[in-house]
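Reviewing the structure listed below.
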Amino acid sequence: MRTGNPVPSSTDIQQEMEIQRLRKELEASRAEQMRLSSSLSQVEEAARRSGDELRMCQQVMQQKEEKFRQEQLAEQARVRQSLEQYHEQYLAERNRLAEALKASSDVASALAQQHGAE
């Protein structure tokens, strides 16, 4: 009879080595899973921030577009009003010139008649 520790067989040693190898693979797999999970969380957070920034940019762009549109409408109204004023001034000046031309034509006719009567 033997007393003491039994000597492990080669099969026992191989199984023990396989168990150790599998434990190491499991640990490596868990570490990789944690790393990937952390990376995924970082990517999701970055995507959320990018989405928030995009929405803010779109809002700012819409506000700028609306402001520009309002400024354009105001400028068009100012130009239209100026054109109407210039047109009124043009018509008034044309009428004044027409009256002055008629008056000078009348004077010329009167002078011609007076000169012809002499």
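The values are calculated or read from the model by the stated rules, or taken from the named source; none is laboratory data. All values derive from a computational prediction rather than experimental measurement. All Cβ positions, even for glycine, are placed from backbone atoms using ideal geometry, and neighbour counts span all protein chains on display. Note: areas computed on protein heavy atoms with side chains; ligands, DNA, RNA excluded. Shrake-Rupley method; radii C 1.70, N 1.55, O 1.52, S 1.80 Å.
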Could you work out how far helix 10-117 tilts from the main Cα principal axis of the chain, as a 0 to 90 degree angle to the nearest 10?
0
Using Cα positions and a limit of under 18 Å, work out the aspartates and glutamates in reach of K64, with same-chain residues fewer than 8 apart set aside.
E53, E75
Fraction of accessible area attributable to carbon and sulfur, the chain (%, probe 1.4 Å)
56
At a probe size of 1.4 Å, how large is the accessible area of E93, to the nearest 10 Å²?
80
Just how much of V79 is accessible, in Å², when a 1.4 Å probe is used and the result is rounded to the nearest 10?
70
Rounded to the nearest Å, the spacing of the alpha-carbon centers of segment 70-118 and segment 1-56 is 96
How many times 2.2 N^0.38 Å is the alpha carbon radius of gyration of segment 1-56?
2.38
Which three lengths, in whole Å and largest first, does segment 20-118 cover when its Cα atoms are put on their principal axes?
143, 17, 7
With N residues in segment 50-95, what two-decimal value do you get for its Cα radius of gyration over 2.2 N^0.38 Å?
2.10
Can you give the accessible area per residue of the chain, in Å², using a 1.4 Å probe?
95
Which of the lysines could a cross-linker span from K24 if the Cα-Cα distance has to be under 23 Å and same-chain partners fewer than 8 positions apart are dropped?
none
Nearest-0.05 FRET efficiency for L91 and R55 at R0 = 35 Å, using Cβ-Cβ distance, is 0.05
Heavy-atom accessible area with a 1.4 angstrom probe orders M34, M61, most exposed first, as M34, M61
So what does I19 come to for accessible area, using a 1.4 Å probe and Å² rounded to 10?
70
